[in-house]
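The values are calculated or read from the model by the stated rules, or taken from the named source; none is laboratory data. All figures in this text were calculated on a predicted structure; none of them were measured in a lab. Glycine also receives a Cβ, built like all others from the backbone with ideal geometry; neighbour counts cover every protein chain displayed. Accessible surface areas use protein heavy atoms only, side chains included; no ligands, DNA or RNA. Shrake-Rupley method; radii C 1.70, N 1.55, O 1.52, S 1.80 Å.
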Amino acid sequence: MSEEFEKVGAVSQPRYEQIVAELRSAAEQLTQAQFTIGDRALEIEPIGPRSGPVADTAWSVEQSLTRLAKDIGLPVTTVRQARWTASRWPPDRRRKAESFTVHQLLARINDDAERFASIDNLPDGKTHWTLDDARRRSDFRAEAPVPP
């Protein structure tokens with residue numbers, strides 16, 4: 001094999017594989033952290049029916065989430081999105097090997113049974129979900145077109 005194919009960027013293929021393994025572990029930790037944010041935001045403000053307030057409280061949902069976001073140093077949109085995604089994926093339905101963003105994209109599937117089955121039905125020939133595969137599965141516009 002020529003030297004140019006033995007490297008990925010500036011590193012050898014074996015070093016590249018070490019980096020990928022390390023970063024997959026880091027990505028799993030990031031996913032867990034994002035779900036923890038969503039789960040705690042759900043605890044503070046459960047998602048209920050749209051017809052009215054869930055509990056008698058002086059705080060609105062927006063006020064509670066804004067305060068939480070401020071107190072943990074994150075944008076309120078991040079907290080809102082984490083809360084919504086966590087609401088769509090009960091802990092026993094989350095796939096540890098898949099990113100939070102994949103869960104977030106697949107969360108757009110309205111039917112619970114279909115959504116829960118989708119995360120375990122990997123695209124043909126794949127060992128994990130890519131963001132584009134998840135976008136396609138959830139009918140959200142993919143960034144890279146699929147070649148014919």
> Hey, what do the phi angles of region 63-68 turn into as Karplus ³J(HN,Hα) couplings, whole Hz, using 6.51/-1.76/1.60 and θ = phi - 60°, x for Gly and Pro?
Replying inline: 5, 5, 5, 5, 5, 4
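Ignoring ligands, DNA and RNA, what percent of the accessible area of region 54-141 is carbon or sulfur (1.4 Å)?
Whole-percent figure for carbon plus sulfur exposure: 49.
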> What percentage of the solvent-accessible surface of region 1-48, computed with a 1.4 Å probe over protein heavy atoms, is contributed by carbon and sulfur atoms?
Replying inline: 55 percent
>> On a full-extension model of 0.36 nm per residue, what is the gain between VAL11 and ALA27, subtracting their alpha-carbon distance, rounded to one decimal in nm?
In response: 3.7 nm
> Along region 17-31, what does the Karplus equation 6.51 cos²θ - 1.76 cosθ + 1.60 (θ = phi - 60°) give for ³J(HN,Hα), rounded to whole Hz, x for Gly and Pro?
Replying inline: 5, 5, 4, 4, 4, 4, 6, 5, 5, 5, 5, 4, 5, 5, 4
> Where does each of THR85, THR130 land when they are ordered by accessible area, with a 1.4 Å probe and the largest first?
Replying inline: THR130, THR85
> Once you list every other residue whose beta carbon is under 11 Å from the beta carbon of TRP89, what net charge do they have if Lys and Arg are +1 and Asp and Glu are -1?
Replying inline: +1
> Hey, got the Cα dimensions of region 59-148 along the principal axes, in Å, largest first?
Replying inline: 50, 28, 22
